1. Can you give me the Rg/Rh ratio for the range 180-251, using Cα atoms for both radii and the Kirkwood formula for Rh?
2. Return the long-range amide H neighbours of residue 161 (sequence gap of 5 or more, or a different chain), with a cut-off of under 5 Å between placed amide H atoms.
3. Just need the Rg to Rh number for the range 363-407, please, alpha carbons only, Kirkwood Rh.
4. May I ask for the distance between the Cα centers of the range 391-419 and the range 172-246, given as a whole number of Å?
5. Would you be so kind as to identify which of 460, 243, 81 lies farthest towards the positive end of the dipole of the chain, taking Lys and Arg as +1 and Asp and Glu as -1 on Cβ and the Cα centre as origin?
6. Going by accessible area, probe 1.4 Å, with all protein chains left in place, what is the ranking of 320, 513, largest first?
7. So how many Å³ per residue does the convex hull of the Cα atoms of the range 48-171 work out to?
8. With the crude spin-label approximation of a point 7 Å out along Cα→Cβ, what separation in nm comes out for residue 249 versus residue 132?
Amino acid sequence: MEEKKQQLHKKHQFGASKISLLVQHCCLFLFFFNIFTTTTTTQAFDYGDALSKSVLYFEAQRSGRLPYNQRVTWRDHSALIDGLEQGVDLVGGYYDAGDHVKFGLPMAFTVTMLSWSVIEYWEEIESAGELEHTMEAIKWGSDYFIKAHTSPNVLWAEVGDGDTDHYCWQRAEDMTTSRRAFKIDEKNPGSDLAGETAAALAAASIVFRKINPHYSTLLLHHAQQLFEFADKYRGKYDASVGAVKSYYASVSGYMDELLWAATWLYKATDKEEYLEYVISNANIFGGTGWSISEFSWDVKYAGLQILVSQFLSQAKHKKHIDILEQYRSKAEYYICSCLNKNINGSNVERTPAGLLYIRQWNNMQYVSTASFLLTIYSDFLKNTNQKLTCHEGIVDHEEILSFAKSQVDYILGSNPMNMSYLVGFGPSYPKRVHHRGASIMSYKENKGFIGCTQGYDNWYSSEDPNPNVLIGALVGGPDWEDNFEDRRSNFMQTEACTYNTAPLVGLFAKFLHIENNKMVHDCDSLLVASFK
């Protein structure tokens, strides 16, 4: 709030005239009036606060040795010998959710989405004061992937075992479960995992290009090697790493990740060979064939199709216009299905209150990714002065953005439960998040060892709120009738994942920017009116 006031004062600093004072007072009056009226009617949200909290969440998910500037103080160092048995250094990275396995595929997707947020909304995130923290979140993941990529055709896919990990309810700092590491290589390929990791590092290289060119070059080097590995030795990673099948099986296969990685490498390098890969494999890999109403850590087609559609705005891509238009057609199928404007029952279902609903397990992950893609495509249409044609009518960029905002606002509390599903935001949010570290007294407060089953006995089964607030986590969310039960054992609804929150970083920055511009515009209108 104070930052917004300062921005308004800067905008209208004309000197110590009566007009200047009048405008400043009018703007402040308008600001407080809007806060009061919209809170009581349309429930305006503090997107700046939501942005700060969403970025902070990634610090709670850190594995390894925590830095001196760690802000989530209830966490401490953990998993400091990861990779030791295999003779490699795999310390670091992120725990994906409420457990302590480091799964490579969702972690890589998280880094890709954080990077995409910065690429699209750099200025908005920077003006909100969260650019440095967001880049730290990206680097925490990309640093780990550099470690995990120990040779051109070797990538460590997972650390820890889901079965033994889920047997225990412990803080990461007390971990006694297996830290066995699993890898993919030439004999045990994993094109989906290597492809997504290549995409993540290529996207991150774009983010760091200006401020840390040496690091950017290093990221790109690894990304190119990983893509070559993924393409040359093809196969699904869950066939090579059986331990992941029950947790992050690659249902969509690896062809979407190969196209996705090549697209990000083209954006990062501008090398024609990567674009040619995306064009020549468009049909056989399903890029121009699959119409899918889901975008997730597993299924990349919708994101790929929207990313490739952006190339249509550049004259240098005219020779590929036919294939690019086919990609765009599938992208628009996805957008129209989210907007409920397709025919033959091919729309995404919604709850009675209007929330996109894909499936009961961690549905909010699909809401945040859909909202991100909708916003990206809205920007594309606005910047190219175009409209979207769906089976049920023509849609402009404002309608698409408005729907994306409705989903974001639902997340923040505009819903039948009057609850924010972003933990720590607003007056009401989930207090019993399914998360080991958040649900047990902090290691900083009690360094006494908490055993494997002791955590279940003393903490998991407790009906008390978690002693540590997992700020910025986006939980699984309500069921298909907008109902939500805040129980730790209700993991389908109360567990949060890094890839849920990652797309929100860009979204919150975008909507904060829009709200700030509206406020300045209203103040400008008051200034004009004062002269009449």
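The values are calculated or read from the model by the stated rules, or taken from the named source; none is laboratory data. Here the structure is a predicted model, which means the values were calculated and not measured. Cβ: placed from backbone, ideal geometry, glycine included. Neighbour counts: every protein chain shown. Remember, those area values only see protein heavy atoms, side chains included, never the ligands or the DNA or RNA. Shrake-Rupley method; radii C 1.70, N 1.55, O 1.52, S 1.80 Å.
1. Details: Rg = 13.7 Å, Rh = 12.8 Å.
When Rh is taken as the Kirkwood radius, the ratio is 1.07.
2. Here 178, 180 satisfy the definition.
3. Details: Rg = 10.7 Å, Rh = 10.7 Å.
Using only Cα positions, Rg/Rh for the range 363-407 is 1.00.
4. 34 Å
5. 81
6. Numbers: 320 20, 513 70 Å².
Accessible-area ranking of 320, 513, largest first: 513, 320.
7. Values: hull volume 14.6 nm³, N = 124.
So the per-residue Cα hull volume is 118 Å³.
8. 4.6 nm
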